[in-house]
1. What are the pairs with Cβ atoms under 8 angstrom where one residue, in the stretch 89-100, is open to solvent by 30 Å² or more (accessible area, probe 1.4 Å) and the other, located anywhere, is within 15 Å of ligand 2 (Cβ to nearest atom) and of a type in the set (A, V, I, L, M)? Sequence gap at least six, or different chains.
2. Just wondering, is there one or more residues in the stretch 9-21 that are of a type in the set (A, V, I, L, M, F, W, C), surrounded by fewer than 23 Cβ atoms within 10 Å (Cβ to Cβ) and more than 23 Å from ASP51 (Cβ to Cβ)?
3. When only residues in the stretch 194-233 that are polar (S, T, N, Q) and in a helix (DSSP H, G or I) count, which is surrounded by the most Cβ atoms within 10 Å (Cβ to Cβ)?
4. Name the single residue that is modelled with the lowest pLDDT among those in the stretch 156-186 being among the polar types (S, T, N, Q) and surrounded by 15 or more Cβ atoms within 10 Å (Cβ to Cβ).
5. Taking the condition of being away from ligand 2 (no atom under 14 Å from the Cβ), farther than 18 Å from ASN96 by Cα, among the hydrophobic types (A, V, I, L, M, F, W, C) and open to solvent by less than 30 Å² (accessible area, probe 1.4 Å), how many residues in the stretch 257-299 meet it?
6. Working only within the stretch 134-155, note down all residues that are open to solvent by 10 Å² or more (accessible area, probe 1.4 Å) and either closer than 18 Å to LYS188 by Cα or of a type in the set (Phe, Trp, Tyr) (or both).
7. Looking only at the stretch 79-95, how many residues end up being within 16 Å of ligand 2 (Cβ to nearest atom) and either modelled with pLDDT of 95 or more or in a helix (DSSP H, G or I) (or both)?
8. Considering ARG4, ARG108, ARG98, which residue is closer than 29 Å to ASN246 by Cα and assigned to a strand (DSSP E or B)?
Amino acid sequence: MTQRYRITLLPGDGIGPEIMAVTVDVLKKVAAQTGIAFDFQEALVGGAAIDATGSPLPADTLAMCKDSDAVLLAAIGGYKWDNLPNDSRPEKGLLNLRSGLGLFANLRPAAILPQLIDASSLKREVVEGVDIMVVRELTGGIYFGQPRGIFETETGEKRGVNTMVYSESEIDRIGRVAFETARKRRKKLCSVDKSNVLEVSQLWRDRMTQLAAAYPDVELSHMYVDNAAMQLLRAPKQFDTIVTGNLFGDILSDAAAMLTGSIGMLPSASMGANGPGLFEPVHGSAPDIAGQDKANPLAQVLSAAMMLRYGLNQPEAADQIEQAVLKVLDQGYRTGDILSEGMTLVGCKGMGEALLAVL
Ligand code: IPM
Ligand code: MG
């Protein structure tokens with residue numbers, strides 16, 4: 001029997017529409033081969049939504065997302081909207097989408113593909129074999145904590161305020177996702193915090209330590225975030241699964257991404273307690289190359305694979321997509337961001353055609 005899924009597509013801004021177009025073609029082809037049917041519905045988010053409606057996350061976009069089996073997002077933002085106040089920037093659309101769908105767990109894998117070792121800015125012996133999963137808390141911490149704002153003091157001086165806050169239940173639920181994730185991998189979990197300075201991190205560390213009792217098969221370690229940033233560059237192979245709060249996870253996942261050569265390769269999955277997950281590349285909207293057929297669509301395509309694996313429980317279709325990506329890389333096709341000597345330069349569309357050819 002054919003399994004039908006309703007997927008909300010959010011192409012967003014910049015290179016978003018180009019990489020989304022390639023990904024939809026790939027999904028259609030895989031669906032036809034695996035007995036899956038997709039009903040795609042497209043909605044506005046980010047700068048595109050600001051231009052059309054004045055809001056970075058229109059109410060009907062959120063409603064459509066809630067009413068689907070999974071949400072596939074490309075990228076948001078661009079120079080055009082950079083001078084808007086924080087509350088009406090494209091980024092706010094993404095943040096409201098994450099909190100509106102309750103997506104507290106963000107999985108960001110950073111695994112180096114053998115084909116791309118030479119694209120990394122680090123030495124081969126440092127990055128060969130790197131396979132890290134960053135589990136980032138996504139709906140709490142300093143991104144959402146109150147009070148926040150720019151306030152005027154009695155002297156008339158302005159003060160900017162944000163609050164890093166985590167409650168026990170918020171720490172526990174992301175902790176459980178992280179332990180479960182580590183359990184399916186190499187059973188090593190490193191919790192990253194700043195508990196030598198921050199109380200919020202002391203509570204984080206206490207709860208992670210307590211949770212560990214329920215996962216005796218997973219080895220838990222703790223690391224301060226500054227050291228973790230250094231260790232990621234010095235000896236990344238020591239890490240398997242990393243769990244951390246929203247801000248630290250934002251920073252460390254970019255660092256981890258770069259180990260693999262290009263952030264243009266990395267997908268992510270954001271999941272809640274129930275309801276649809278959101279799947280998006282880790283990279284941004286790259287306005288400098290938008291509309292020039294230069295973008296690397298592979299992170300978007302691999303996000304669709306994560307959607308199939310984690311959101312729709314269709315591992316076979318996910319495998320097909322991941323295998324196809326490896327195959328086109330084996331064939332030597334490269335977009336500009338991952339180009340190395342002797343390889344064939346293709347554009348976004350060309351990469352999509354190569355994928356369809358091997359599927
Ligand atoms: C990310 C991005 C976002 C974040 C921005 C675009 C709001 O950097 O997904 O990592 O800070 O979470
Ligand atoms: Mg980021």
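The values are calculated or read from the model by the stated rules, or taken from the named source; none is laboratory data. None of these values were measured; they are calculated from a predicted model. Cβ atoms come from the backbone with ideal geometry, glycine included; neighbour counts cover every protein chain shown. Just the protein is used for accessible areas: all its heavy atoms, side chains included, with ligands, DNA and RNA removed. Shrake-Rupley method; radii C 1.70, N 1.55, O 1.52, S 1.80 Å.
1. Short answer, once both residue conditions are applied: GLU91/ILE76.
2. No, the stretch 9-21 contains no residue that is of a type in the set (A, V, I, L, M, F, W, C), surrounded by fewer than 23 Cβ atoms within 10 Å (Cβ to Cβ) and more than 23 Å from ASP51 (Cβ to Cβ).
3. Checked the stretch 194-233; the qualifying residue surrounded by the most Cβ atoms within 10 Å (Cβ to Cβ) is SER201.
4. THR181
5. Going through the stretch 257-299 one residue at a time, the tally reaches 4.
6. Across the stretch 134-155, the qualifying residues are TYR143, PHE144, PHE151.
7. Final tally of qualifying residues: 7.
8. ARG108
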